[in-house]
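First the structure, in the form of C-alpha cells, and then the observations on it.
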Number of protein chains: 2
Amino acid sequence: MLKHAALIVCLTPVVLLAQGTIAGDWVLTQDVYGNPLHRKLTLTLDGESLSGTIGRQKIDGSVKGSTIRFTLKSGDAIDEFTGTISADGMAGTIVHSDKGEPSPQKPSWSAHRVPPRRTGPPQRHEFVPTAFHRQFSATNPPVLRIWPGDTVHTTTVDAGGSDEKGVTRVLGGNPETGPFFVETAMPGDVLVVRLNRVRLNRDWAISDDGIVGRALDPEFAVKMKDGFKNVRWHLDRQLGVARPENPPEHLKNFTLPIRPMLGCVAVAPGFGSAPPPTGDSGRFGGNMDFNEIVEGATVYLPVSQPGALLYVGDGHALQGDGELNGNALETSMEVEFTVDVIPNKPLMTPRVESSTHIMTVGLGGTLEDALRAATAGMGQWLEQDYNLTPSEIAMVLG
Amino acid sequence: MLKHAALIVCLTPVVLLAQGTIAGDWVLTQDVYGNPLHRKLTLTLDGESLSGTIGRQKIDGSVKGSTIRFTLKSGDAIDEFTGTISADGMAGTIVHSDKGEPSPQKPSWSAHRVPPRRTGPPQRHEFVPTAFHRQFSATNPPVLRIWPGDTVHTTTVDAGGSDEKGVTRVLGGNPETGPFFVETAMPGDVLVVRLNRVRLNRDWAISDDGIVGRALDPEFAVKMKDGFKNVRWHLDRQLGVARPENPPEHLKNFTLPIRPMLGCVAVAPGFGSAPPPTGDSGRFGGNMDFNEIVEGATVYLPVSQPGALLYVGDGHALQGDGELNGNALETSMEVEFTVDVIPNKPLMTPRVESSTHIMTVGLGGTLEDALRAATAGMGQWLEQDYNLTPSEIAMVLG
C-alpha cells in the first residue's frame, strides 16, 4: 500500500503537468546532424488526445501519463516524436521516415517552456561591452538577458574595432555589441528594436577616398584607380557637422551635416545558416547600411532563434545612399534601444519605420533581387498591418 | 581685261569668305550608308593653312580659293575631305581609307554655319501641339525653332494619348510634344531645360492595380496575378490631392499629395541609333520616369543632333520611386520650360538639379548598370563643375 501510495504521489504531479500545463507554447529543439533546429511547438490537449502545430505545420498525438507521442507529416516524410514529460520539460527521440531514404533516422528532441511575459515595469539596463563579435552567430553566449519592454543603454565600437577612446578592442569588420537574449522571443516571432538614442561619443571618424568596384564602370574605374587611402574626419558635435581633418585642396571649407546611424542591426540567423560574418546581411538584418536606421527609427526583424539574439554595431556619423566608398564616416556610438516582441508574425524582409515612412529593406545578390525582395516585403506589410488586398497594394505602391 | 576683271570680281567674295569667315564653328554632316552623321567642325585659318577639330579629333588641311581640303586620322582610318566653299556653306567628297577595307569609300559631306546667338530679349512662345510623336527621332520635323533663353508654354497628352479635354489624340505609349529645335545647339553641347511650370490641366488620371513583373519575386507574383485592371483617380487641384474615383474597400479615405512630374524629357539620340520608342530611355534622356523631374527642376541632356530636338511628355500627377505599377497617375499636363545651351561639354548621363540636390540619372539594362552609370555621371559632374579630384570625388560620394 505504501508502495502504491508512493506511486500515486509520484504520478500525480506528472499527470497534473500533462493535463494542466503542457497545453500552450514550447520551444522545440531537434537535433539535425549535430545542429539544433529550434521551432515553436504549440499543444492543445483534449483528455489524452493531443493536437497542435510545429511552426505552421499540424501535428496530432497523445499523452499517457508522462509519455507523449505526436506525429508530423510533411510531404513524403513522417516524424514520429516519442518523449517523456518531466518537471524540466520534455525530451525524447524522433523516428524520421522518408520515402527517399532507405532506413529511418532517429535524432533526439527536447522542448522547454517559454516563460510568460514578465509582469511589473520594464527595466533599463546599463550595459558596458567587454567583448565584440564578428559573426552574427546563434552560438555566441548572450551578454544580457532582457525582456520585452526593456531598454538597453550601451556603446558600439567602429567598423575597425576602435572604441570611444580610440582604443582598438577587436579586429575590424563591423564588430558587434551583443548578443542580447530577448526573453519570450521565439522562431516565427518578430523582434522590435526602437532606437531611442544613436549618438556620437567621440570626435572623429575614419573613411577612405575610393569607390567600391561594383559601383564603377570601366571609365570611372580608371579615373578612381588610386583610391582607398585613409581619410580621417573631424566630428563637431556642437555644430553637428563633419569635415575632413586634413582637407584636400577643393574641400577646404567642406562640411557635412552629421546624421548618426547604425550600419548593423541583426538577430541570429536561422537553422542551416553557418554564422555569417558581420559584413553580411540577409532576412535576419545584419550589415544593411541603410541610412534611415537612425535615432527615432524602429527596426523589425524576423526571429529565427530562441531569444532572437540581437546584435548592434557599425555606427556611421553620416552615410550617403548605398555607402559608395564602403566606409562611410565610421565611428563608435552611444546607443539606447527598447525591445519588444510581436508573436507569430512572418516577415519576408527587415522593416524600418520612422515618424513619416514605412520602409522595407531588400537584401540580395543583385540589385534586381534586392528590389524584388523589398517590393514583396512591402506588399506583405501592407497586407498584414493595413489589410490591403493585392489590388489595393498595387494601387498604393504605383 | 574685262574678262580678267570679271574673274577678280567673281573670286573676291570667295577669298573673303575663306579668309574672313570660314574660321569658327560649323555643323559638319557626313553621309554614312545613307544616314546623316552630324558633328561639330571647328576651323582655324592661317593664310592658306587650315587646322581645327571634328568633335574632339584634330584635323589639318588647306584652303585655296574656294577649294578646301582637310584630313582626319583616327586609328587605322584616314578621311580626306575635299570640298568647295560657297555662300551657302561647304560641300564635297570624302575619301575614306581604312587598313581593314580593300577599297576606299567616297561618301559626300557638307557643312553649314551655326547661327551666332541671337541678340535681343528672349522670347516666350505659346505652342499648341497638333500632333504627337511616339519615337524620339532625329527625323521628325521640328514643330518650333527656338533660341537659347526662350521659353515655351505648351501642353502634353497623357501616356495613353488623351489630352486635357479627355480627347484621345494619338495611340498611347508616351506620345510626346515636340520636337523643339533649339538654335545653336550642336552635337557635343548640353541642352539645359528649366521646368518653370509642370501643372495639372484636368481633374483625372489613369493608373492600374498591377506591379510590373521585373519587380516581383515568385511568391509576390502569385499574389498579384489578377492585377492590371484600370483604375481612375480624381485629381483635386484645389486641395492638391489624388484619390481613387471608385475606391476599393480599404482605400475609402485614401488620398495622396499631388506632385506633378514629367516621365519623359528627351533630345533626339545620336548617330547610329534607330529612333527609340518613347517608352525607352538612355543617355539622351527619354522615359526616365524620375520623380524629381518636377516644376522648378532643371534637366541637362547631352546634345547629339543639330538643334537638340527636345521632346516632353508622359506627365504623372504623382509617382512613387520606380513607378512600380508601370502606370503612375498618368495625366495630361500644362508645361512651361526655358532652354539654354552650354557649348562643348561632354555628359555621360542626364542630370537633374533642384534647389537642394544635384542628381544624375543612370539608365541601363540592369539596376547594376544603372547604378554604375549614375555613379560615373555624378563623378563627372563633380569633376567638371566643382573641380574635384578623383580622391575628393570619392570622399564626397561616400
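The values are calculated or read from the model by the stated rules, or taken from the named source; none is laboratory data. Predicted model, so just to flag it, every value in this text is computed and none were measured. Ideal geometry is used to build each Cβ from the backbone, glycine not excepted, and the neighbour counts take in all protein chains shown. Remember, those area values only see protein heavy atoms, side chains included, never the ligands or the DNA or RNA. Shrake-Rupley method; radii C 1.70, N 1.55, O 1.52, S 1.80 Å.
Brief remarks follow.
- Scanning the stretch A:369-398 for residues that are aliphatic (A, V, I, L, M), closer than 21 Å to B:Leu256 by Cβ, facing chain B (nearest Cβ under 7 Å) and under 28 Å from the mean Cα position of the chain (by Cα) yields A:Leu388, A:Leu397.
- Flag if A:Asp163 is more than 14 Å from chain B (Cβ to nearest Cβ), more than 26 Å from A:Ile146 (Cβ to Cβ), surrounded by fewer than 24 Cβ atoms within 10 Å (Cβ to Cβ) and at pLDDT 95 or above: no
- Candidate set from the stretch B:253-269 (those that are part of a loop (DSSP other than H, G, I, E, B) and either without any contact (Cβ under 8 Å) to a residue 40 or more places away in the chain or open to solvent by 20 Å² or more (accessible area, probe 1.4 Å) (or both)); member that is nearest to B:Glu176 (Cα to Cα): B:Pro260
- Scanning the stretch B:181-222 for residues that are in a helix (DSSP H, G or I) and surrounded by fewer than 19 Cβ atoms within 10 Å (Cβ to Cβ) gives B:Gly213, B:Arg214, B:Pro218, B:Glu219, B:Ala221, B:Val222.
- For the stretch A:229-252, a residue qualifies if it is among the polar types (S, T, N, Q) and either in a loop (DSSP other than H, G, I, E, B) or surrounded by 18 or more Cβ atoms within 10 Å (Cβ to Cβ) (or both), and the qualifying residues are A:Gln238, A:Asn246.
- Scan of the stretch A:69-85 for residues that are touching a residue at least 24 places away in the same chain (Cβ under 8 Å) and surrounded by fewer than 18 Cβ atoms within 10 Å (Cβ to Cβ), ordered by number: A:Asp76
- Residues satisfying the stated conditions in the stretch A:272-300, i.e. assigned to a strand (DSSP E or B), among the hydrophobic types (A, V, I, L, M, F, W, C) and buried (at least 24 other Cβ atoms within 10 Å of the Cβ): A:Val299
- Yes/no for B:Leu171 being open to solvent by 10 Å² or more (accessible area, probe 1.4 Å), modelled with pLDDT of 95 or more, within 9 Å of another protein chain (Cβ to nearest Cβ) and out of contact with any Asp or Glu (no Cβ under 8 Å at 6 or more places or on another chain): no
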